[in-house]
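Before any comments, here is the structure.
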Amino acid sequence: MNKIKVGIIGTGFGAKVHAPVMQSHPGFEVVSISSVARGRLDEIKEETGVENVYSNWQEMLEQEELDLVAVASAPLLHHDMVVKAYEKGCHVLCEKPMSFDAQEAENMIKARDEAGKLGWINFEYRFLPARQKVKEIVASGKIGKVLHVNFSLNIAGYERYATAKRGWLSQKDQAGGMLGAVGSHLIDSLLWWTDARVESISGQLTTHVPEFTDENGEKEIRTADDAFQAMGNFVGGGTFSIGSNIAVRHAEGWELEIYGTEGTVKMSQDNKVLLGIGNDPLEEVEIERPLDIPEGMNPVAAGYYNAFYRSLDQVYNALSKGDMHADLPVLEDGHHVQLILDAIMQSHEEGRRIVIG
């Protein structure tokens, strides 16, 4: 294999997940990684095995000869990093949510087009076998016209929220909050499964744990949501509801229900799919087995491996063979999601349903 030379921006998720999963793929060589604000350069070198560790991402882009830049920083920073990477002539894999707002997303698409490069948003969950099976069932027409979709992610994270700082993730002005972190995945899969566009939407954002005080008496005031709900309708008919609560004591994880005129498909925990046609009962359908996780991979990366490695396979094929998989999420997909995220925030602030332009 001709290796794709990768530079990673971000030593949180970038070091914990992007680096080890990319290093496990024979088509990628992680040649450098840059911290944004965390520092810990020696620790990052030891943790990742990457020799070229930078404290300044712009310096990394100037110094290194890279094919692909993986942007795994806070969403508020995505725009400038992606644009600069394109100016340097690199392809880009950007974490979700794509940007702070839809205007920034449009600028990022323009930068890609001007550079003549490729770009993807890391909606890696599309490639999980359970989600691929749902896509196959809906696209086949077996359940008929989609009438309604319920899709949610609830996580038993109350203890973590109540006993530790959350940093930028808890700050609205830094693009924090679960609407962006979780809602972006919910919306992307919703649009991908149904091959639909949203006509209008209404939503609400909630902060159940609004502050935290550490052992030194330092207080963190949370301005971003730790829960959200939204409901809307598709262009051409059909409705949906999405939501997430991650500061609760007990939760069931990912739960999906798609009701059609001819049948129903359900998915739970991203590892079980049920299908019922007509008046027949729901029955479990077979899905592809998960990938074997490489020995020694850290637990965080291991949790993403089954989806992220499959997604990286398709990124490699696109870059090395010009073979772009239809399910690989491009920047336009990120922009479509961002339009809906913006509308949900506007709906919450103005207390009304928002029509998507």
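For this structure, a couple of remarks:
- Matching residues, region 23-43, being under 21 Å from residue 75 (Cα atoms) and open to solvent by less than 10 Å² (accessible area, probe 1.4 Å): 32, 33, 34, 35
- Among the conditions (1) modelled with pLDDT of 95 or more; (2) within 21 Å of the chain's Cα centre (by Cα); (3) in a loop (DSSP other than H, G, I, E, B), residue 237 misses just one, which is (2).
- Residue ranges of strands (runs of 3 or more DSSP E) in region 1-63 with at least 3 members under 23 Å from the mean Cα position of the chain (by Cα): 4-9, 28-34
- Any pair with Cβ under 7 angstrom, 6 or more apart, that starts in region 149-178 at a residue that is among the charged types (D, E, K, R) and ends at one that is at pLDDT 95 or above and surrounded by 18 or more Cβ atoms within 10 Å (Cβ to Cβ): 166/222; 172/224
- Scan of region 219-228 for residues that are open to solvent by less than 60 Å² (accessible area, probe 1.4 Å) and either part of a strand (DSSP E or B) or out of contact with any helix residue (DSSP H, G or I) (no Cβ under 8 Å at 6 or more places or on another chain) (or both), ordered by number: 220, 227, 228
- Taken as a whole, the condition of being assigned to a helix (DSSP H, G or I) and open to solvent by less than 10 Å² (accessible area, probe 1.4 Å) does not apply to residue 92.
- Close pairs from region 18-30: first in contact (Cβ under 8 Å) with a residue 40 or more places away in the chain, partner in a loop (DSSP other than H, G, I, E, B), Cβ under 6 Å, at least 6 apart: 18/72; 20/297; 24/294; 27/1
- Looking only at region 105-114, and only at residues there that are more than 17 Å from residue 328 (Cβ to Cβ) and open to solvent by less than 40 Å² (accessible area, probe 1.4 Å), the one that is nearest to the chain's Cα centre (by Cα): 105
- The set of residues in region 115-128 being within 13 Å of residue 85 (Cβ to Cβ) and open to solvent by less than 10 Å² (accessible area, probe 1.4 Å) consists of 119, 120.
- Criterion applied to 228, 151 was being within 21 Å of residue 134 (Cβ to Cβ) and modelled with pLDDT of 95 or more, and the one residue passing it is 151.
- Residue in region 266-296 that is most open to solvent (accessible area, probe 1.4 Å), counting only those that are closer than 24 Å to residue 307 by Cβ and touching a Gly at 6+ places or on another chain (Cβ under 8 Å): 269
- Among the conditions (1) among the β-branched types (Val, Ile, Thr); (2) in contact with a helix residue (DSSP H, G or I) (Cβ under 7 Å, 6 or more places away or on another chain); (3) crowded, with 18+ Cβ neighbours inside 10 Å, residue 315 misses just one, which is (2).
- Residue match in region 319-329 (condition: in contact with an Asp or Glu (Cβ under 6 Å, 6 or more places away or on another chain), open to solvent by less than 20 Å² (accessible area, probe 1.4 Å) and either assigned to a helix (DSSP H, G or I) or within 28 Å of residue 25 (Cα to Cα) (or both)): no
The values are calculated or read from the model by the stated rules, or taken from the named source; none is laboratory data. Note that the structure is a prediction, hence the values are computed from the model and not measured. Cβ coordinates were reconstructed from backbone atoms using ideal geometry, including for glycine residues, and neighbour counts include every protein chain displayed. For the accessible areas, the whole protein counts, side chains as well, though only heavy atoms, and no ligand, DNA or RNA atoms are used. Shrake-Rupley method; radii C 1.70, N 1.55, O 1.52, S 1.80 Å.
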